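The block underneath contains the structure these notes are about, expressed in structure tokens.
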Amino acid sequence: MFANERRGVRMATGEGGDVIWMRPERAAAGRPARHSRDEITAAAIAIADREGLDAVSMRRVAADLGTGAASLYRYLETREDLLDLMTDATGAEYAFAETTGDWLADLLAIGEQARAIMRRHPWVASLVVTRAVLGPNGLILLEHVLEALAPHPASIAAKLEALALLNAATALFVQNELADGPARQQRNAAYLHYALVSGRHPRLAELLTPAPPAQTSLPEAVADPVGRYRDILARILGGLLAPQSPAAGCGE
């Protein structure tokens, strides 16, 4: 679940500085370790799942583990380290199948899994958007995506951007889905209808014309954007990874 894989690659090559996975599992000095990073991460995730991300602090996690907050600093330096561990840990929930040769279908399948993970852990979506991280599970995800895209002629930069957009778009969908949900979407659709019949928005009024069977009208899209997740994600990825003409990118 990593919104900026290109940033993560720079960090992996040493440009971004120290990250939690580049340090020893625990400090060498002091008392023998009572816990592991995995146990600390699992406790933090359980708190976030129950009470939200704001409830996660070093003190609270330590209390749930039956230890003092100071002891956690033998395993990690800051709360930001803990957030990185939490985000990456959710990436272990992917179940990767063999790639099919249909790169778009494979990426959409990854997107559906990402959406399910973010729904199980609602706090993940905000971190995907605001706090880019690439850890061990993120590398596995990245490797799978690159394998799915191996036959595609797009550049490595475009492929990394595709994964970043897949994650970011999925996070935004989940945030919308978990906010007010259908009630807010129906309110928006009702106001759209109200505004259009006033006659003051002729361009929008055109959208009230019954759509062909293969299309979706704007009011329907406003009422149920989440139901159109795969369609919208497919168009995003298809546009980003579409073959470019020889003149594409050239200055005028």
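The values are calculated or read from the model by the stated rules, or taken from the named source; none is laboratory data. These numbers were taken from a predicted model, which means no experiment stands behind them. Quick reminder, even Gly has a Cβ in these numbers, built from the backbone with ideal geometry, and neighbours come from all protein chains shown. Note: accessible area is taken over every heavy atom of the protein model, side chains too, but ligands, DNA and RNA are not part of it. Shrake-Rupley method; radii C 1.70, N 1.55, O 1.52, S 1.80 Å.
Please find, within region 9-31, the residue that is modelled with the highest pLDDT out of those that are assigned to a loop (DSSP other than H, G, I, E, B) and of a type in the set (Lys, Arg). Checked region 9-31; the qualifying residue modelled with the highest pLDDT is 23. Residue count for region 32-47, restricted to those that are open to solvent by 30 Å² or more (accessible area, probe 1.4 Å) and assigned to a helix (DSSP H, G or I): 4.
Pairs are defined by a Cβ separation below 7 Å, a sequence spacing of at least 6 or placement on different chains, a first member in region 64-75 that is of a type in the set (Gly, Ala, Ser), and a second member that is modelled with pLDDT of 90 or more; the pairs so defined are 68/62; 69/58; 69/59; 69/62; 71/62. Quick one: is residue 94 touching a helix residue (DSSP H, G or I) at 6+ places or on another chain (Cβ under 6 Å) and either modelled with pLDDT of 95 or more or closer than 25 Å to residue 115 by Cβ (or both)? Yes: the conditions hold for residue 94. How about region 72-104: which of its residues are aliphatic (A, V, I, L, M), farther than 18 Å from residue 133 by Cα and open to solvent by less than 40 Å² (accessible area, probe 1.4 Å)? Residue satisfying the conditions is 72 alone. Restricting 168, 114, 157 to those that are of a type outside the set (D, E, K, R), touching a Leu at 6+ places or on another chain (Cβ under 9 Å) and not in a loop (DSSP other than H, G, I, E, B) reduces the list to 114.
Taking the criterion of being over 20 Å from residue 174 (Cα atoms), at pLDDT 95 or above and acidic (Asp, Glu), would at least one residue in region 109-117 satisfy it? No: region 109-117 contains no residue that is over 20 Å from residue 174 (Cα atoms), at pLDDT 95 or above and acidic (Asp, Glu).
Can you name every residue in region 173-220 that is at pLDDT below 80, part of a helix (DSSP H, G or I) and acidic (Asp, Glu)? Scanning region 173-220 gives 206, 220. Under the condition of being open to solvent by 30 Å² or more (accessible area, probe 1.4 Å) and part of a loop (DSSP other than H, G, I, E, B), the residues counted in region 48-71 number 4.
Scan region 76-97 and tell me whether some residue there is more than 15 Å from residue 120 (Cα to Cα) and touching an Asp or Glu at 6+ places or on another chain (Cβ under 7 Å). No. Quick check on residue 243: is it at pLDDT below 70 and open to solvent by 20 Å² or more (accessible area, probe 1.4 Å)? Against the criterion (at pLDDT below 70 and open to solvent by 20 Å² or more (accessible area, probe 1.4 Å)), residue 243 does not qualify.
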